[in-house]
Amino acid sequence: MSSSTVSRITKPLSLISGILLLSGCVFHISPSVASVKQTQQLTLPSNNLEYLNVLSGAGNLEIKGSQTATSIRVDATIYTADIEDEYELTLEQDGKQAKLVAQNKSRNGISFYSGQSPHIDLVVTVPSNLNLDIDDGSGDIVISAMQSNMNVKDGSGDLTISGAKNLTIDDGSGEVNLENIAGNVELTDGSGSIHINNVSGNAIIEDGSGEMHVSNVNGSLNVEDGSGDIVISHINGAVNVDDNSGDMLIEHIGSSVTIEDGSGDIRVNHAKGLTITESGSGDVSIDNISGSVKVAD
């Protein structure tokens, strides 16, 4: 490394260190990665339990439903930078709820890592009828084979759910994939693509940005979208879309369609009535509408 390169690195770091020291902060620069790996297993009988509350920090989370399970089992893989670094991993019962906490404890001050940072990966096996309440920081979430209600708050990372009853999601960023939902879906999403298929009830989606594909909803569908292309197909109930920008394809709708659009092309094919209150800029294509058609100028 040349002396000029060293100078360019040390000067900004010296400046940052000085600022942090003046503000009373401790500043750590760690050339290491979270390469210390530990495993731990937790179990809790699920008799009389109705909910599992999960509070997890950084790391991947997988929850698998089982129709024969009589307990909650947690298989955890903990990654730290040092064997003495602290973390919290607990599974406890509180009345009819079980509480799972998994998070690394931060060092004092600010730490930087040159590679993988501390995190805890979880694989959780639960009875398929156990309701879930999840508050997750970062990392991918995969939930499968559940037959219960779920409330998921996710900071960042991909979210995949296959099998649930009623589902409420507040997602920050990352791809969202939902399928085989036996009840209603309420999704609030910041950014990232959305794929939803096979919902028995109604679906309500509030999305910031990212493409969206929604298909096979037995009830109604309401969408409020900021930006990104939208594809909607095979919805039995009414469809209402309030879209700011992006192309839109809506087809095979068993009831009426109502659209308010800012910009982007609109194509509607096979529906029982269509109302476009605002079309903004972009082409409008309409085919096979069996009911009334109203398009604002």
Problem set entry | So THR258, is it within 29 Å of the chain's Cα centre (by Cα), β-branched (Val, Ile, Thr) and either in a strand (DSSP E or B) or within 19 Å of ASN222 (Cα to Cα) (or both) | yes
Exercise. Can you spot a residue in segment 27-36 that is touching a helix residue (DSSP H, G or I) at 6+ places or on another chain (Cβ under 9 Å) and surrounded by fewer than 15 Cβ atoms within 10 Å (Cβ to Cβ)?
Worked result: yes
For this session: Scan segment 90-127 residue by residue and report those that are modelled with pLDDT under 95, closer than 18 Å to LEU55 by Cβ and in a loop (DSSP other than H, G, I, E, B).
Result: LYS105, SER106, PRO118
Exercise. Do we have any residue at all in segment 72-89 that's at pLDDT 95 or above, over 25 Å from the mean Cα position of the chain (by Cα) and in the same structural domain as VAL152 (by TED's automatic domain parsing)?
Worked result: no
Problem set entry | Every residue from segment 37-85 that is in a loop (DSSP other than H, G, I, E, B), surrounded by fewer than 15 Cβ atoms within 10 Å (Cβ to Cβ) and not acidic (Asp, Glu) | ASN47, ASN48, GLN67, THR68, THR70, ILE83
Problem set entry | Residue selected from segment 256-290 under the condition crowded, with 16+ Cβ neighbours inside 10 Å and hydroxyl-bearing (Ser, Thr, Tyr), by the criterion modelled with the lowest pLDDT | SER279
Exercise. If you go through segment 166-219 one residue at a time, how many are within 18 Å of ASP243 (Cβ to Cβ) and assigned to a strand (DSSP E or B)?
Worked result: 21
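The values are calculated or read from the model by the stated rules, or taken from the named source; none is laboratory data. Everything numeric in this text was worked out from a predicted model, so none of it was measured. As a convention, Cβ positions derive from the backbone with ideal geometry for all residues, glycine included, and neighbour counts pool all protein chains shown.
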